[in-house]
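Read through the structure below, which is laid out as structure tokens, and then see the notes.
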Amino acid sequence: MQILVDADACPVKEETYKVALRHEMPVLIVANSYIRIPEHRLISRKIVSDGFDAADDWIAEAAGPGSIVITADILLADRALKAGARVLAPNGKAFTDASIGSAVAVRAIHADLRAGLGDGIQRGPAPFSKADRSRFLNALDAAVVALKKTRD
């Protein structure tokens, strides 16, 4: 059992450490550049090449039924779910087999809309809030407890 974090733009690394350490669950921070992590036997990092989607590819290969993947990347979430992992977005939303198809479709529609705008303006996600952080903490805790129950 482990938590895999798509770390380059992850706003909830500290919250992940907090929940993981409380449950004695290893965390692996995956990024294409050095990211500082706390010194603890359960927390480690994997630095991958800076190739396109290198971190996503590594996480997708490492994900499985004993993993929880933390990512905002919908395509990585889809790959991790197909590998049997549980997947959470940083805002606490769980990606599931039932929800991922529509999430991928909405992502494609948004990409088409952005391409059609042609104004050069990149629109990102809404600002991250305290409510998102709290929702993530609760969702991760619930996912870890559920994963532990399935492993026992």
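General remarks:
- Ala72 vs. criteria within 12 Å of the chain's Cα centre (by Cα), part of a loop (DSSP other than H, G, I, E, B) and surrounded by 14 or more Cβ atoms within 10 Å (Cβ to Cβ): yes
- Condition check for Ala7: buried (at least 19 other Cβ atoms within 10 Å of the Cβ), over 19 Å from Leu147 (Cβ atoms) and either of a type in the set (Gly, Ala, Ser) or at pLDDT 95 or above (or both): yes
- The residues listed here are Ala55, Ala89, Ala105; of these, the one that is in contact with a Lys or Arg (Cβ under 9 Å, 6 or more places away or on another chain) and at pLDDT below 95 is Ala55.
- Within the stretch 13-40, restricting attention to residues that are over 17 Å from Ala143 (Cα atoms) and among the β-branched types (Val, Ile, Thr), the residue that is surrounded by the fewest Cβ atoms within 10 Å (Cβ to Cβ) is Ile35.
- Hits in the stretch 54-69 (condition: loosely packed, with under 15 Cβ neighbours inside 10 Å and over 25 Å from Asp141 (Cβ atoms)): Glu61
- Unmet criterion (only one of (1) closer than 16 Å to Ala146 by Cα; (2) in contact with a helix residue (DSSP H, G or I) (Cβ under 6 Å, 6 or more places away or on another chain)) for Glu24: (2)
- Matching residues, the stretch 22-44, being among the basic types (Lys, Arg) and either under 17 Å from Trp58 (Cα atoms) or not in a loop (DSSP other than H, G, I, E, B) (or both): Arg22
- Residue check, Ser44 of a type outside the set (Lys, Arg), at pLDDT 95 or above, over 22 Å from Ser129 (Cα atoms) and surrounded by fewer than 16 Cβ atoms within 10 Å (Cβ to Cβ): yes
- Sole exception among (1) part of a helix (DSSP H, G or I); (2) among the aliphatic types (A, V, I, L, M); (3) free of Cβ contacts under 8 Å to residues at least 60 places away in the same chain for Val19, by number: (3)
The values are calculated or read from the model by the stated rules, or taken from the named source; none is laboratory data. Computed from a predicted model, the values in this text were never measured in an experiment. Ideal geometry is used to build each Cβ from the backbone, glycine not excepted, and the neighbour counts take in all protein chains shown.
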